[in-house]
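The values are calculated or read from the model by the stated rules, or taken from the named source; none is laboratory data. Keep in mind it's a predicted model, so treat the numbers as computed, not measured. Glycine also receives a Cβ, built like all others from the backbone with ideal geometry; neighbour counts cover every protein chain displayed. The protein model used for the area step is the full one, side chains on, heavy atoms only, and it has no ligands, DNA or RNA in it. Shrake-Rupley method; radii C 1.70, N 1.55, O 1.52, S 1.80 Å.
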Amino acid sequence: AVPVNIVLALAVSLALNTITRLRALFRTVFFLPAIASAVAVSLLWLPIYDPQAGWLNSALEIVGISGRSWLDDPSSALWAVMVAAIWQDLGYNVIVFLAGLQAIPQEFYDVAKVDGAGVVARFRRVTLPLLRRTFVFVLCLTTIGYLQEFTRIQVMTAGGPIRSSETVVLHIYERAFGDFQMGYASAMSVLLMFLILVVALVQLRTLRTRWEY
């Protein structure tokens, strides 16, 4: 979910950055799901994935594709929740990327155009390098958020079927409040904290930059 979220958020923010009319409206539309609770979003997506009356299967049947029970199939349950998670979290990253893009001085693009750089060259040589700090910020927060995924999994699949969509935090919750293994759950929580810390430090160390503009 992390790379898909970031790629889509960057693409949407680039598109929004190029338009001048109705930019505030589109920005609001993309950000609205981010302010909704995870429970509400999960309950919104449950009828969409309904194998009998869900509009997703209905839409697939129109184009000749047979539907399936998305949340009850071990091969698709986690992917289905991932789509809902990306839909909700995309707007926040779009706003952050858009803020980073608007902070890049226009003079850099003007100089690149004078030097004959095309759209792709300006994106590779100007936008990506100057957006690096914003990219690191978005990458770290998105990774940390998905490593702690819990609510959408609990509401939509409860970790099933046959634990195919179980996450670490859901496993900790079940051990603590289902089996009352508080020591085991506490130990796993500490390990998860150190795992998140290591991942974040690696990302910051690998993608760090020292330039200013």
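Looking at (1) exposed (fewer than 14 other Cβ atoms within 10 Å of the Cβ); (2) within 24 Å of residue 80 (Cβ to Cβ); (3) among the acidic types (Asp, Glu), which one does residue 115 not meet, given that it meets all the others?
Failing condition for residue 115: (2).
Take the residues in the stretch 2-36 that are part of a helix (DSSP H, G or I) and among the basic types (Lys, Arg), then tell me which one is nearest to the chain's Cα centre (by Cα).
27
If I filter the stretch 62-83 down to residues being in a helix (DSSP H, G or I) and within 20 Å of residue 38 (Cα to Cα), which single residue comes out as most open to solvent (accessible area, probe 1.4 Å)?
Among them, the one singled out is 79.
Across the stretch 151-171, what is the total count of residues that are in a loop (DSSP other than H, G, I, E, B), open to solvent by 30 Å² or more (accessible area, probe 1.4 Å) and in contact (Cβ under 8 Å) with a residue 24 or more places away in the chain?
Selection size over the stretch 151-171: 3.
Could you list, in sequence order, all residues of the stretch 37-60 that are of a type outside the set (Ser, Thr, Tyr), in a loop (DSSP other than H, G, I, E, B) and surrounded by fewer than 12 Cβ atoms within 10 Å (Cβ to Cβ)?
Residues satisfying the conditions are 52, 53.
Quick check on the stretch 101-112: of everything there that is loosely packed, with under 14 Cβ neighbours inside 10 Å and not in a helix (DSSP H, G or I), which residue is nearest to the chain's Cα centre (by Cα)?
Once the filter is applied, the top-ranked residue is 103.
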